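The values are calculated or read from the model by the stated rules, or taken from the named source; none is laboratory data. All values reported here derive from a predicted model rather than from experimental measurement. Cβ sites come from the backbone with ideal geometry, for glycine too, and all protein chains shown count toward neighbours. For the accessible areas, the whole protein counts, side chains as well, though only heavy atoms, and no ligand, DNA or RNA atoms are used. Shrake-Rupley method; radii C 1.70, N 1.55, O 1.52, S 1.80 Å.
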Amino acid sequence: MAQACAANLRVSAACRCIAADPCGRPSSSAPPPTPSPVDRLPPTHHLPDSPRSTLVTRRTASKDAPDAARRGASASPIEPDTTLHVTTTALESASIDCHRALLDPARLHALVDRDLANDVANADLATHLDLQVNVLHQNLAHLRGVIESFYAGSGQSESDPLQTTLQHLLDAHPWTDCTLVLEDATGQVMADAAVHKFIVAARVPYFETLLYAGFAEAGRSTIKLPLDVFGSPTVFENVVSFIYLARLKHAPDSALQLFDLFRCANFLGLDSLEAHTIAEIRLLLHGFQCHCTHCCSTLPSALLFADRMSVTALYDALVDAVSAAPLVFWTSLEFATSPTKIRDDVLLAYVARAEHDGTTLLQGIQTLDEVLETLLGRARSAAYLSLGTAVARARDVLVKQLPPNVPAILATIDRPPAMDVNARFETLARYLVPQLTDRNAVPLALALFTFVETHRNDDPNAAYRPTATDLAATAVDFVVKRWLNLSFAPPRGVYPGSDAWRAFSRPRRARAA
């Protein structure tokens, strides 16, 4: 742990380390200082623990500095403002760099020979603070560990020392060196926050580039943020709170607020806030499993948002949710007016789910028929007419898969509820009979004939019996009429000597003769 200390340890020859240049390559000349403690600043809950020794900017499109940011401008690491010059009782020396805003003198009091509290409190913010301390030789490693703990708290509870420190920095604003300002179109201040450059730069790639890649903002005490990105004081305050504490100051009460927050996180390159926002969207929409009025009205807009922002995981989850409830979502105007790509992806997901097996296949066709019947009543709208055409094409795709799936369909067609069995046979007859051909007539007729025979002793008053019998008779008549064109042989998996085949073939042969 000490070897990976978050603090910038410039130790004597016995503790040499290999440093990297600003591009991350080993230096062939004299080694530069190793990364500063801010390289391991974080994280609190949800915040990334990524190196900051190089400045890599993603999605930074500031109007003031778009070109350099998109090139991934590099600069030297974020510099600490305090150095502890340590001398041990074994006369070993070490220099530990840190930031006074995170330094907790009370936790160092038992390890060093002087009280650092007054030195830190009275230090000039504009100058680098150098402190000479002496420690027992056996306590040097422990001192490094304590310095590291200032930057790498667990972040799992509000009592965590780092979390407590960051909360104090955010509320009391000690040692701040920058003010973030959000102005409206008239130049009036909508919101502002005093922050620490090294913290916002360590957490947010956008600020890292803005402050340490040679832009004018690096030398300013006030930074104006783009209104079209942050949008409102609520978004601004939530972003600042999340940078420090990994939680939102204001709980979002609508999907639109979360969409705005995600756009801002995307602009800043703050992946952890993006992930947090997606989790909040899922929570707000009841895990995408609910069909309440709120979810039905919001899911289509969330799907459109995920598509425009290219949030693949969210988009896929929403496509699955919308495709799973056609009668709920597809008949809404929001879905009917969705872009063609979104509509096609939803229909494709539905078809993929419906063609899984015979049971879902027939049910999928029935559901699409119900959707089309609803859309037919709204055909005066061009959006509904276009959607109806797309749904009809999806149904036709499923219909073409009926013949090879008839045995599987018949195996479960009489499942509960019993009142739906007749409707299932009517749907099967409507779409199967037109697809009878010389190639598939024999296996289909055999399957239907066998079903009727095996259910002969069922309730004679069952509503489905006439429909099932007529469908089987139609298939058998087709075989008889096309006798000379057919290869009248048992289908694969049916033995010629089986009772089913003999019961089916003998009357057919006699009738054909």
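What to note about this one:
- Within segment 178-192, the set of residues being in contact with a Ser or Thr (Cβ under 7 Å, 6 or more places away or on another chain) and touching a residue at least 24 places away in the same chain (Cβ under 8 Å) comprises CYS178, THR179, VAL181.
- Residues in segment 343-376 that are small (Gly, Ala, Ser) and closer than 16 Å to PHE329 by Cα: ALA349, GLY364.
- Hits in segment 114-130 (condition: acidic (Asp, Glu) and more than 15 Å from CYS98 (Cα to Cα)): ASP115, ASP124
- Residue list for segment 363-394, restricted to those being in contact with a Phe, Trp or Tyr (Cβ under 9 Å, 6 or more places away or on another chain) and either surrounded by 17 or more Cβ atoms within 10 Å (Cβ to Cβ) or at pLDDT 95 or above (or both): GLY364, ILE365, THR367, LEU368, VAL371, LEU375, LEU387, VAL391, ALA394
- Among the candidates VAL146, VAL195, VAL133, residue that is out of contact with any strand residue (DSSP E or B) (no Cβ under 8 Å at 6 or more places or on another chain), surrounded by 15 or more Cβ atoms within 10 Å (Cβ to Cβ) and aliphatic (A, V, I, L, M): VAL146
- Meeting the requirement of 2 or more residues that are of a type in the set (S, T, N, Q), the helices (runs of 4 or more DSSP H) wholly within segment 114-187 are 161-172.
- Neighbours by Cβ (under 6 Å, 6+ apart or cross-chain): first from segment 92-105, under 15 Å from VAL133 (Cα atoms); second part of a loop (DSSP other than H, G, I, E, B) and not hydroxyl-bearing (Ser, Thr, Tyr): ILE96/ALA7; ASP97/PRO80; CYS98/ALA7; CYS98/PRO80; PRO105/LEU116
- Some residue of segment 426-447 being under 14 Å from LEU362 (Cβ atoms) and open to solvent by 70 Å² or more (accessible area, probe 1.4 Å): yes
- Restricting segment 448-458 to residues that are in contact with a helix residue (DSSP H, G or I) (Cβ under 8 Å, 6 or more places away or on another chain) and not hydroxyl-bearing (Ser, Thr, Tyr), the residue that is most open to solvent (accessible area, probe 1.4 Å): GLU453
- In segment 249-267, the condition of being without any contact (Cβ under 8 Å) to a residue 24 or more places away in the chain, in a helix (DSSP H, G or I) and under 30 Å from LEU398 (Cβ atoms) is met by no residue.
- Selection within segment 459-470: residues that are hydrophobic (A, V, I, L, M, F, W, C) and in a loop (DSSP other than H, G, I, E, B). The member of this set that is most open to solvent (accessible area, probe 1.4 Å) is ALA463.
- Unmet criterion (only one of (1) out of contact with any Ser or Thr (no Cβ under 6 Å at 6 or more places or on another chain); (2) modelled with pLDDT of 95 or more; (3) surrounded by fewer than 20 Cβ atoms within 10 Å (Cβ to Cβ); (4) under 29 Å from LEU375 (Cα atoms)) for ALA349: (1)
- Segment 223-239, subset touching a Lys or Arg at 6+ places or on another chain (Cβ under 8 Å) and assigned to a helix (DSSP H, G or I), residue surrounded by the most Cβ atoms within 10 Å (Cβ to Cβ): ASN238
- Boolean, ASP253 is open to solvent by 50 Å² or more (accessible area, probe 1.4 Å), at pLDDT below 95 and not small (Gly, Ala, Ser): yes
- Tally, over segment 155-180, of residues that are out of contact with any helix residue (DSSP H, G or I) (no Cβ under 9 Å at 6 or more places or on another chain) and under 23 Å from ARG220 (Cα atoms): 4
- Contact map, segment 442-461: first residue at negative phi, second residue part of a helix (DSSP H, G or I) and aromatic (Phe, Trp, Tyr), Cβ cut-off under 6 Å, separation 6 or more or different chains; pairs are LEU446/PHE504; PHE449/PHE504.
- Selected residue (only one of LEU140, LEU111 is open to solvent by less than 40 Å² (accessible area, probe 1.4 Å) and either closer than 24 Å to VAL235 by Cα or in contact with a helix residue (DSSP H, G or I) (Cβ under 8 Å, 6 or more places away or on another chain) (or both)): LEU111
- Residues of segment 213-222 classified as assigned to a loop (DSSP other than H, G, I, E, B) and surrounded by fewer than 17 Cβ atoms within 10 Å (Cβ to Cβ), total: 3
- Exclusive hit being assigned to a helix (DSSP H, G or I) and modelled with pLDDT under 65, set ALA510, ALA473: ALA510
- Test: ARG247 is under 28 Å from LEU182 (Cα atoms), at pLDDT 95 or above and open to solvent by 10 Å² or more (accessible area, probe 1.4 Å): no
- Candidates are the residues of segment 201-242 that are touching an Asp or Glu at 6+ places or on another chain (Cβ under 8 Å) and among the small types (Gly, Ala, Ser); the one that is farthest from ASP171 (Cα to Cα) is ALA216.
- For segment 274-314, the set of residues classified as in a helix (DSSP H, G or I), open to solvent by less than 20 Å² (accessible area, probe 1.4 Å) and either closer than 24 Å to HIS250 by Cβ or in contact with an Asp or Glu (Cβ under 8 Å, 6 or more places away or on another chain) (or both) consists of THR277, ILE281, PHE288, CYS295, THR298, LEU299, PRO300, ALA302, PHE305, ALA306, LEU314, listed by residue number.
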